[in-house]
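Data first, discussion second: the structure below is written as structure tokens.
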Amino acid sequence: MSEYTNDTAYHRPVMLAQCLAALDLQPDGRYVDVTFGGGGHSARILERLTTGHLYSFDQDADAEAEAEKLICPQFTFVKANFRELTAELQQLGALPVDGLLADLGVSSHQFDTPERGFSTRFDGPLDMRMDPDGPLTAADILNDYKEADLHRIFGMYGEVTNARTLAQTVGAARRGRRLETIAELKQAIQPCTPRGKENKYLAQVFQALRIEVNQEMQALQEMLLQTAEVLRPGGRLVVLSYHSLEDRLVKNFIGKGKFFGAVEKDFFGNESKPFEAVNRKPEEADPAEVALNSRARSAKLRVAIRN
């Protein structure tokens, strides 16, 4: 079966063959998929294990229900945010591990469920929580944040060019009533949405809100720092990112052991960092996969080995 056709209606895994190869799977190994989603990557990892074990993380109840299809002695589903990586694996007696996979994309199921509020294609509530029990929604941000904070979020996380104008437009729209639905947000920001580029612009706005709702950048940094603790020497770190903010954090962490500033060196001038990059430039999906799955277009795969 082609790696491009092994998917479910729930989610089509991106760069599946490349991820499996990067993990260097051993039948008796211990692996972690910190982003279970629809289980596409997890299912194929499990196929390669005999006496090994896979631990898959997700905070979404829909993902937890999907994970029940994979129940077997070699599989443990962990209902938690991946920022709890070390604590959860310690509790399970599962340290160290041989490989860790992180696919940082939103699952197709989440995008295609209107009531989750992730997609610009449907009307629905301004929610966008990966964890449906989380305390903060997109509506909370749009209605309660100061305009200066909205400006920062739209500019930093959405890379929106007119972020200040957008923040002011939202501020004006919410004075009369709360913005509660996707349709209301689209209508409110129509004056500053570039004509002919509506879809791209709305995607940037939604990305910014989703990142803030779920604290994605903070959670990613916390998780990456913990990979140095949970992976054994020689273990593989495999990360799929979908926008430049994520990829920059992953690149810097692998290359320097930190997210900002220069790599630290010891007294003798040797670089002190936990990982060595396998691929200097990120691997990207080939045209055949992109033709079948548009979400693979922006994917960047980085692989590193624990020193």
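Looking for something over 20 Å from the mean Cα position of the chain (by Cα) and touching a residue at least 40 places away in the same chain (Cβ under 8 Å) - is there at least one such residue anywhere in region 97-116? Yes: region 97-116 contains one or more residues that are over 20 Å from the mean Cα position of the chain (by Cα) and touching a residue at least 40 places away in the same chain (Cβ under 8 Å).
Restricting VAL303, VAL205 to residues that are within 26 Å of PRO96 (Cβ to Cβ) and either modelled with pLDDT of 95 or more or part of a loop (DSSP other than H, G, I, E, B) (or both) narrows the list to VAL303.
Of the residues making up region 222-261, those that are open to solvent by 30 Å² or more (accessible area, probe 1.4 Å), assigned to a helix (DSSP H, G or I), of a type in the set (D, E, K, R) and out of contact with any Ser or Thr (no Cβ under 7 Å at 6 or more places or on another chain) are GLU222, ARG248, LYS251, LYS256. Within region 265-298, the residues that satisfy the criterion of being open to solvent by 70 Å² or more (accessible area, probe 1.4 Å) and under 22 Å from LEU23 (Cα atoms) are GLU276, VAL278, ARG280, LYS281, GLU283, GLU284, ARG295, ARG297. When we screen ALA94, ALA87, ALA63, ALA67 for residues that are closer than 23 Å to ARG306 by Cα, open to solvent by less than 10 Å² (accessible area, probe 1.4 Å) and either touching a strand residue (DSSP E or B) at 6+ places or on another chain (Cβ under 7 Å) or in a helix (DSSP H, G or I) (or both), the only hit is ALA94. Is it the case that some residue within region 139-153 is among the small types (Gly, Ala, Ser), surrounded by 19 or more Cβ atoms within 10 Å (Cβ to Cβ) and in contact with a helix residue (DSSP H, G or I) (Cβ under 8 Å, 6 or more places away or on another chain)? Within region 139-153, none of the residues are among the small types (Gly, Ala, Ser), surrounded by 19 or more Cβ atoms within 10 Å (Cβ to Cβ) and in contact with a helix residue (DSSP H, G or I) (Cβ under 8 Å, 6 or more places away or on another chain).
Put simply, of ARG306, ARG297 the only residue that is in contact (Cβ under 8 Å) with a residue 40 or more places away in the chain and in contact with a helix residue (DSSP H, G or I) (Cβ under 9 Å, 6 or more places away or on another chain) is ARG306. Scanning region 166-194 for residues that are in contact (Cβ under 8 Å) with a residue 24 or more places away in the chain, basic (Lys, Arg) and part of a loop (DSSP other than H, G, I, E, B) yields ARG174, ARG178. Considering region 141-154, the residues that are out of contact with any Gly (no Cβ under 8 Å at 6 or more places or on another chain) and without any contact (Cβ under 8 Å) to a residue 40 or more places away in the chain include one that is farthest from GLY117 (Cα to Cα), namely ALA148. Only residues that are in a helix (DSSP H, G or I), open to solvent by less than 50 Å² (accessible area, probe 1.4 Å) and not hydrophobic (A, V, I, L, M, F, W, C) were counted across region 155-165, and they come to 2.
The set of residues in region 251-307 being hydroxyl-bearing (Ser, Thr, Tyr) and within 22 Å of PRO233 (Cα to Cα) consists of SER272 alone. For GLY37, the conditions (1) in contact with a Ser or Thr (Cβ under 8 Å, 6 or more places away or on another chain); (2) open to solvent by 10 Å² or more (accessible area, probe 1.4 Å); (3) free of Cβ contacts under 8 Å to residues at least 40 places away in the same chain are fulfilled apart from (3).
Taken residue by residue, region 208-221 has no member that is surrounded by 16 or more Cβ atoms within 10 Å (Cβ to Cβ), over 30 Å from LEU150 (Cβ atoms) and modelled with pLDDT of 95 or more.
The values are calculated or read from the model by the stated rules, or taken from the named source; none is laboratory data. Since the structure is predicted, the reported quantities are computational estimates derived from the model, not experimental observations. Every residue, glycine among them, receives a Cβ derived from its backbone with ideal geometry; neighbour counts consider all protein chains shown. Keep in mind that these areas ignore ligands, DNA and RNA; they rest on the heavy atoms of the full protein, side chains included. Shrake-Rupley method; radii C 1.70, N 1.55, O 1.52, S 1.80 Å.
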